[in-house]
Structure formats: C-alpha cells, structure tokens
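Please treat every number below as a calculation from the coordinates, not as lab data. Because the structure is a prediction, the values reported are computed rather than measured. Cβ placement follows ideal geometry from the backbone for every residue including glycine, while neighbour counts extend to all protein chains displayed.
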Amino acid sequence: MSSVETNIYDPQQVETAAQKYWETTRAFEVDETSDKPKYYCLSMLPYPSGALHMGHVRNYTIGDVISRYKRMTGHNVLQPMGWDAFGLPAENAAIKNNTAPATWTYANIDHMRGQLKSLGYAIDWSREFATCTPDYYVHEQRMFTRLMRKGLAYRRNAVVNWDPVDQTVLANEQVIDGRGWRSGALVEKREIPQWFLRITDYAQELLDGLDELDGWPESVKTMQRNWIGRSEGLEIQFDVRDVDGSVLDPLRVFTTRPDTVMGVSFVSIAGEHPLAVHAARNNPALAAMLAELKQGGVSEAELETQEKRGMDTGLKAVHPVSGEQVPIWVANFVLMGYGTGAVMAVPGHDQRDFEFAGKYGLPKKQVIALKHPKNDDERSYDPDRWQDWYGDKTRETELVNSAEFDGLDFQGAFEALAERFERKAQGQRRVNYRLRDWGVSRQRYWGCPIPVIYCDTCGAVPVPEDQLPVVLPENVQFTGTGSPIKADPEWRKCTCPECGAAAERETDTFDTFMESSWYYARYTSPGAREAVDKRGNYWLPVDQYIGGIEHAILHLMYFRFFHKLLRDARMVDSNEPARNLLCQGMVIADTFYRLNADGSRDWFNPADVDVVRDERGRITGATLRSDGQPVVIGGTEKMSKSKNNGVDPQAMVAKYGADTVRLFSMFAAPPEQSLEWNEAGVDGMARFLRRLWTMVHRHAADGSAPALDVAALDAGQKAIRRKTHETIGKVGDDYGRRHAFNTAIAAVMELLNVLAKFDDASAQGRAVRQEALQAAVLLLNPITPHACHAMWQALGHGETLLEDQPFPQVDAGALVKDALTLAVQVNGKLRGTIDVAADASRELIEAAAKDEPNAAKFLEGLTVRKVIIVPGKIVNIVAG
C-alpha cells in the first residue's frame, strides 16, 4: 500500500488503507508450522442479530489488544471468529419480517462480518463458520449418536418450563417472575419427553477441575461450585400408608442433616410426585391444586421467594426410627426434578419448613440444643429462633428429644444413624449434587436436528453415521405456530436402520448451548473430517477466553463438560478448554424518559437529548432536542433496546474512526468494570490520536533522524529517553500481566505530554524524539492499529507489517538517573525542591535541603533537630 503522507488525520482513509493491506497480505492467517510458541485468544462468538452493539465492540477489542500484543511478543497467535447462528430470536425475527429464519440469519452474518472488519480486528477469517450450517452441526450430531451408544445421552419424561406463546421449553434462567423471558407469557409446567446428556457423571470432575483453573476469576469458580452443589448426606426411606391404611410404595428423601430426623413432623412432596398424583384421584381439591401448581416456573430462586402453599394428601409416612405416622403434604416449593421430589420437614430447625408449619398449624419439635448454653435464655427453646440451635457453626450442639441419640453431636449422630439405616435397609450414605443432567431438547424449528429415529419395534435409534448430517430444511414457510419439520410428514418419514421398517425422525432440535459448547475446538481444525483433529492439540487449551460473566454457569459449565467429552473421545489431550478467563464489564449509558398517563414510559436515545452538566460533569438537566421540552433523567444503565440507550458503533466509527472507538473502549474503564459511554470522552480520544498523528508527521517532515548515540546524550535528552523506557516497562506490564489497558493508554499520554515540551532540534535530540515516537506507535498498536500502521510508515519503516515488529524492550541503562529531584519539607510541609546527583552523600543532600531558599526562610530562628531522608523522594527537616 502507499503511505498516508499527510499531516491531517483522516480516519476513513487511514483505516481503509490498513485494512486493504492486511487483507491483501493475509496478515492474520496462521497455521501450526510456526516455530513460535502458540497463543490462542478467543472471544465468545456473537449471535448474528444484524447489528453490532457496544458490548460486542468492547469484548472483541479486548481480545484484539491481547492478540496483537502477543503477536508482538513473539507468539503464533490464533484469533478466530464465527456465528452462534441457531435459536429462537431468528424465528421471532422471521415472523416479524415475513421471511425464513435462514434467510434472515445469513443476511445478518454478511452485514455483521462487514461491521467487524471495519473495526480492524486481527481475525483469521479463513476459519470462520456459522453454527447453522450442516458442515458444522454434522459433528455434534455424530458426537450425540456416539454418546447415545455409550449411555451418556438418553431420553426420559421431564417436567419443564413451557412457554405457550413461543411454544418451547425454557431454561430456569429464562423464566422471569413466572413469565417467558421473550414472550412474557405465563409459563406452564409440562411433563414431556426430553433428551439429556449425563453431565452429572462428570459432576465431581467438574468440581475438582475448578481448583486447577488459576487463571479464572474466583467469582466464576464460586458460582460453578455452588451450581454443582456437592453435598454429603443420607438417603432415608419412609414407608407410606394410604388413606385406608394400606401399604404404598416407600418414599425416599435425601438430607444433609440426618441428625434432625427425630424432628420430622411431616413430609413434603412435589406436585408431580407419583404419591401426589395417586392421592389426587379421589380428592378434587388436591387435584385442583396440582393443576394450579403446573403454572409458573420450576427454578429454585422463584420457589424460594413465592408464598409457601400446600395441602395435606391424607397419606402418612412412617417415621423410620419412632414408627410414628406423620402427614404427607404437597408443597409448592418442592421440585420433582431435584433430588427425590420429597423432603423430610423439620420445622423446628429449618426456616422454610418453619414458615410452612406455622401457616398450616403443624408441630415444631426441638431436636438440636446448644451444648454449653451461656444463660437461661439459651437453654429455653424458641422455635422462632431456630438459627441459634442450628445455624451457628461456631457453637457446639447436641441432640435432644431424640431417644437413644440424645447427647450426640452432628458427626456422632450422622454415623450412628447411617449405621442403623444401612443395617435395616432403610437408607444409605450418598453424595448428592445440585447439578442436574443437561436437557438438550428444544421444541423449535431453527436448530440442529436431533439425530434419532423412532421405530415402533426398535424404539429410539441413533441415525447411522453414514447417514449424517440430518439436514434442517432452510427454505420453509415459517409462521411461528409450531415447527415446519413437525408439520412436514415427508421430512419426518424414514426407515429404521436396524429392522428396515417404516419409521419417523425426531423433530426436536438441540438446545443452542450445544453449538456454543464445542465451537472453540472447531476453529482449531477447519475442514477436519471429525470435530477436531490433531491440530486441536497444538492450539488447545485456549490461552485467553473473553466474555461476559452472565455466562458463568450455563455456557461455561457446558463448555467445560463438552471438552471432557472430546477428551474421552480421544480428540483432545487436555482436561480443560481454557487456561484463562476474562469477564468484561457491561457498557452502560445515560437513560431518559417521559411518563405517560397510564404509567408507562417512553424512552429517548441519548443522541436525541441535550443535557446540562455541573462542574463535576454530572447531568443536572435534560431536554428532548426535537421539542425542547424536559425529559426525566433515568440514570445510567446497561445499554439495551428496552431503555433505548444504545449507541450505534457504526455511527461512531463513521464519525470518529474505528481507532478512536477502540481507544475509548479501552481507556474509559478497566476490562472487568462497567464502562460508562460518554461521547465527550470519545471526542477526547479523537483529539489525543490527532495530536500523536501531528507529532509524528511533523517530526517525519524534517527528514530521517540520525542514529542514537547514548554516550553523547545531555541531561535533557537522557530524561526523555528515561521517560520513554519507563513507559515501555509500564505498558508492557499493563498489557501482559495486568490487562490494565486504560493505564497503558494513560502512560503513553503522559509520555507525549513530556515529549511535547522537549524543544531540542539537535541531531541527538531528534534521535531521542524518534525513539520516543516509535515507542508510542508500537505501544499503541494493539489498540489503534490502523493509525499506528500509517505512522510506522511515516517514521521511515516502509510497508512492513507492524504486528511483526517486536514489542519494544526496556533498556535498563536508560532508567539510571544521573540526578534526582527531591521534595524539601520543613516540619512536614512542602517548601521547595532540590536537584542532587544520584549518588550524592547524605551530608550533601542535607546541606542542599537547608540551603534551598524557601526552606531556609522557614528555618530562620529555628533549631534543626532531625533530618529525615526518604531515598529518591523527600527530605523532611524537623525544626523547632
């Protein structure tokens, strides 16, 4: 490309030229033959919604800064990009736009690819894929059929969250206040056949593996530990009596506190429990309640906060120790999908059971007491203060009112009860996990078809591998009511691969978390016949993974699980998919609205509002530009369509250039913190970039700088060179160790401020300036690559690829100071400064400090009692 030889910074011209050069030279395509150490930097792949938002810009800029820095430090860097292209949003958009989901999706991919390229990311586009294409999803179909044969994929009936409007199963996290997260419809509980992967077989390994992930945030690891939820306890059997006294199938409960078993005053069961269904057959009131319980979600969070409700089934549970018969109640806070669907209720020592028992007049029994009560108040049991006897881990407790177990502590009671129940075949020790198997079925169209055939004779049969992929038809009439493949008998029709009889295909499609759980591995092996080939072991694990903390549980758990499946299939050698994880903060912006008469709000985009700020920059007033009337200031919130406070990245790129947008995204806040969008800040970054551009080109206009002769530098030149190398050290540490890109930028700004005051046109002055400007360009290159590409050429380096230049190294000799500037204090108050030789003696420093004119004035008439010297910083003269 030709150099951009102008003192006027034109972002569009500069960025077009740089991007054309990178594309022509295929600058960022990599392979596995390099002798450099590999580095795999990956940002979570985007959903092709049709437009980038500022969250995308921030996420991918962070990844790009790390990638470009690692390339400059001598690494073979892979940074790929793809599209998480299946899912319900495409269907909703297709309905709205009267088109097919595939047409909408592919058009969005084309548009968003152009947007990403306009931001200059160093992406290896040769590895790009969309997860909705058969050549991608064939591999997960093949993996699924193999998991079926190993028993790790299975089908069973499950109670699910059913959205009656979107007609799909929702994850617990997609149910908000009992309603579907997209449709807003009241969610129903339904029991339908679902396909599952046995992630619970890997629960302990997933838990143990967290201890090895030193590069992951502790907050994410804590969330995963809690989600896996390992607990040790006893599974205890209660015999059951029907209303007429006849014997029914026994009930099993799991508890981590078997020491409280003598406090059981009732047993609570889920509405879907077989005993509840049995009891409701002759109990219309109970049947009505079970029907009502099918409304609402099935998440634990929702059940914890809702009002506790229940009904006596009339059935009795026989206490396994006392033989007492206690009532069995249906309770709305018990989930069939968690544990056994039944809970032994100990209202004397559990808050939820206490609330339920209080509401329905059920007894509360004390069975735990403080072993060493301090006073009468602690000796007298009060069920309203159950935590005093149960929740205080710092106090010793013992069993009371527990027959032969009285006086035992928790561990003693645990062992005694375990021995008793195991001997009598009434229970056993068990390790339980909160983690449930992964339900991968979705009753929607736009997803990867589940490769299963149903035969009346053979049952559910995996599609033979030589018949894969099962291709999802893309050219369909899509109305949003039901699924086109469910409604298409010709697509469903097939032959059983085992017996040859007529059969039908599965019409459910995979949860889209399936595609995003192994995509990182596919990038390593483009074109491979299997999901991953030997190239995977070159690149994996990912060295740096980047994405939002909202993915801490679902995506990142499945991501880790799928890697273990790939390992066990001998496709990869490593145990974990990513060594390091960076969770970037949200992008937030001001919000403005007006209240309507019905209490609703009309939200206005910040770009359409004029604001008044105080001296601290806080907004004190706002008016809508179109009518000049006031609007309400809603505070700063995450950019979203609902609050209409999003900023179009393309509009910012068109106005300021990609480099300025990238620069602001990295400068406004550390990566892990929320970034508050402020266009005044963007404008400030634009001024800084123009300033650097002007300094470089004015310097270059005076011709080539002479070679640097370190031995010939005077004090001023040494000071500039010292500042240059201090900045190199600071920025290198900020990029490589701290990921503190904002302070790296600030350090370069500080260097330019110092350089702007350096007025030395001598040969060595120009040489020092050349070194400083080259350093600034190299240091900023990971963040503002287009402008730096052009400025590198302007500084005399021709058409070389800046990313292949080594990151500047600190010259330790440049950091040595010939002289020091020390602050002089008298009795702790600053009175002046002195310059002394770096190796000056204590005596010389004391004398110079006392002679400093302003300090000497404040010492008049006083006796110097002590001189405190902080080496290299301060001289404090204590006088009186």
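When ranked by the protection proxy of mean other Cβ atoms within 10 Å per residue, highest first, what sequence do the peptides 208-216, 410-418 form?
With the highest mean Cβ count within 10 Å placed first, the list reads 410-418, 208-216.
Size of the dipole of segment 587-657 about the Cα centre, Lys and Arg at +1 and Asp and Glu at -1 on the beta carbon, nothing else charged, in debye to 20?
Details: 10 positive and 10 negative charges, 39 e Å.
So the magnitude is around 180 debye.
Return a whole-number percent for the relative contact order of segment 678-814, with Cα pairs under 8 Å and 6 or more residues apart as the contact set.
Relative contact order comes out at 33 percent.
Glu530 versus Glu679, label points 7 Å from Cα toward the beta carbon: distance in nm?
5.4
Determine, from the Cβ-Cβ distance of Asp31 and Arg429 and an R0 of 56 Å, the FRET efficiency 1/(1 + (r/R0)^6), rounded to the nearest 0.05. Please list the in-between numbers first.
Values: r = 53 Å, r/R0 = 0.95.
E(calc), rounded to 0.05, equals 0.60.
Would you mind giving the average projected area, over all directions, of the Cα convex hull of segment 230-433 in nm² with one decimal?
11.6
Please compare each pair in Lys70/Lys730; Lys221/Lys308; Lys36/Lys723 to a cut-off of 24 Å on the Cα-Cα distance and tell me which ones are over it. Walk me through the numbers on the way to the answer.
On the way: Lys70/Lys730 16 Å; Lys221/Lys308 32 Å; Lys36/Lys723 31 Å.
The answer is Lys221/Lys308; Lys36/Lys723.
For Val452, what residues show an amide H to amide H distance below 5 Å, using hydrogens built from the backbone and excluding near sequence neighbours?
Result for Val452 returns Val463, Glu506.
For the chain, what is the charge dipole size about the Cα centre, in debye to the nearest 20, if Lys and Arg each add +1 at the Cβ and Asp and Glu each add -1 at the Cβ?
The calculation lands at about 740 debye.
Expressed in nm², what is the orientationally averaged projection area of the convex hull enclosing the Cα positions of segment 110-265? Walk me through the numbers before you get to the answer.
Working: hull surface 69.2 nm².
Approximately 17.3 nm², given one-decimal rounding.
What is the distance in Å between the Cα centres of segment 53-69 and segment 662-729?
A separation of 21 Å, based on Cα centres.
List the aspartates and glutamates whose Cα sits under 13 Å from the Cα of Lys150, skipping any in the same chain fewer than 8 residues away.
Within reach: Asp201, Asp568.
Can you give me the relative contact order of the chain as a percent, contacts being Cα pairs under 8 Å and 6 or more apart? Don't skip to the end; give the middle numbers.
Numbers: 1586 pairs, mean separation 120.4, N = 880.
This gives 14 percent for the chain.
Let me know the shape class of segment 534-581, please: from the alpha-carbon gyration tensor, a ≥ b ≥ c as square roots of the eigenvalues, rounded when a/c is under 1.5, otherwise prolate if a/b is greater than b/c, or oblate.
Oblate, since a/c reaches 1.5 and b/c is not below a/b.
Using r as the Cβ-Cβ distance of Thr457 and Leu801, and R0 as 56 Å, what FRET efficiency do you calculate, to the nearest 0.05? Each step should come with its number before you reach the end.
On the way: r = 64 Å, r/R0 = 1.14.
Efficiency at R0 = 56 Å is approximately 0.30.
Expressed as a whole number of Å, what is the distance separating the alpha-carbon centroids of segment 311-389 and segment 796-871?
Cα centres, segment 796-871 to segment 311-389: 72 Å.
Modelled label-to-label distance, Gln325 and Asp610, 7 Å Cα→beta-carbon offset: nm?
So the label points at Gln325 and Asp610 sit 8.2 nm apart.
For Val609, what residues show an amide H to amide H distance below 5 Å, using hydrogens built from the backbone and excluding near sequence neighbours?
Arg625
Express in nm, to one decimal, how much length is gained between Thr16 and Ala756 on full extension, taking 0.36 nm for each residue of separation and deducting their alpha carbon distance.
Between Thr16 and Ala756, full extension yields an extra 263.5 nm.
For Lys371, which lysines qualify as cross-link partners when the Cα separation must be under 16 Å and same-chain residues fewer than eight apart are set aside?
Lys393
Compute the distribution of all C-alpha to C-alpha distances in segment 678-814, in bins of 5 Å from 0, and list the percent of pairs in each, rounded to whole numbers.
Going from the shortest bin to the longest, the percentages are 2, 10, 20, 23, 22, 14, 6, 2, 0, 0.
In whole angstrom, how far apart do the alpha carbon centroids of segment 75-119 and segment 495-532 sit?
21
Taking the chain as the reference, fit the longest principal axis to its C-alpha atoms, fit the long axis of helix 741-756 to the helix C-alpha atoms, and give the angle between the two in degrees, 0 to 90, nearest 10.
10
With a/c under 1.5 counting as rounded, go ahead and sort segment 174-259 into rounded, prolate or oblate using the C-alpha gyration tensor (a ≥ b ≥ c being the square roots of the eigenvalues; past the cut-off, prolate if a/b is larger than b/c, else oblate).
Oblate is the answer for segment 174-259, as a/c is 1.5 or above yet b/c matches or exceeds a/b.
Per DSSP helix of 4 or more residues, -39500 (n - 2.57); summed, then divided by the residues of the chain. What does that give at 222 nm, rounded to the nearest 500?
So the calculated ellipticity at 222 nm is -10500 deg cm²/dmol.
Rounded, prolate or oblate, given the Cα gyration tensor of segment 1-65, with a/c below 1.5 counting as rounded?
oblate
What percent of all Cα-Cα pairs in the chain falls in each 20 Å bin, counting up from 0?
Reading the bins upward from 0: 12, 33, 32, 18, 5, 0.
Suppose a student asked you for the relative contact order of segment 587-657, using Cα pairs under 8 Å spaced at least 6 residues apart; what percent would you report?
Taking the mean separation of contacting Cα pairs over the length of segment 587-657, I get 36 percent.
Can you find, among Val826, Asn854, Ile869, the residue sitting farthest towards the positive end of the charge dipole of segment 819-879, where Lys and Arg contribute +1 and Asp and Glu -1 at Cβ?
Result: Val826.
Measure nothing fancy, just the Cα-based angle from helix 715-733's long axis to the longest principal axis of the chain, in degrees from 0 to 90, nearest 10.
For 715-733 against the chain, the angle is about 10 degrees.
With label points built 7 Å along Cα→Cβ from the Cα atoms of Val867 and Lys371, find their separation and express it in nm.
Between Val867 and Lys371, the simple spin-label model gives 6.6 nm.
In sequence order, what are the phi-derived ³J(HN,Hα) couplings for segment 247-256 according to the Karplus relation 6.51 cos²θ - 1.76 cosθ + 1.60 with θ = phi - 60°, rounded to whole Hz, with x for glycine and proline?
3J(HN,Hα) across segment 247-256, in whole Hz: 8, 10, 4, x, 10, 10, 10, 10, 9, 8.
I need the phi-derived Karplus couplings for segment 142-159: 6.51 cos²θ - 1.76 cosθ + 1.60, θ = phi - 60°, integer Hz, Gly and Pro marked x.
4, 4, 5, 5, 5, 5, 4, 5, 8, x, 8, 10, 8, 10, 7, 6, 9, 7
Once the dipole of the chain is set up with Lys and Arg at +1 and Asp and Glu at -1 on Cβ about the Cα centre, which of Tyr445, Trp693, Thr636 lies farthest towards its positive end?
With unit charges placed on the Cβ atoms, the residue in question is Trp693.
In whole Hz and in residue order, list the ³J(HN,Hα) couplings for segment 558-565 that follow from phi through the Karplus curve 6.51 cos²θ - 1.76 cosθ + 1.60, θ = phi - 60°; x for Gly and Pro.
Here the 3J(HN,Hα) series is 5, 4, 5, 4, 5, 4, 5, 5 Hz.
Of Met666, Met148, how do they rank once you tally other Cβ atoms within 10 Å and put the fewest first? Numbers along the way, then the final one.
Values: Met666 25, Met148 21.
Ranked by crowding around the Cβ, least crowded first: Met148, Met666.
Which FRET efficiency value, to the nearest 0.05, is calculated for Arg113 and Ala597 with the Förster distance at 45 angstrom and r the Cβ-Cβ distance?
Efficiency computed from Cβ-Cβ geometry: 0.50.
Non-local amide H neighbours of Ser441 (under 5 Å, H modeled in plane, Pro and chain starts lacking H): which ones?
Answer set, sorted by chain and number: Trp195, Asp511.
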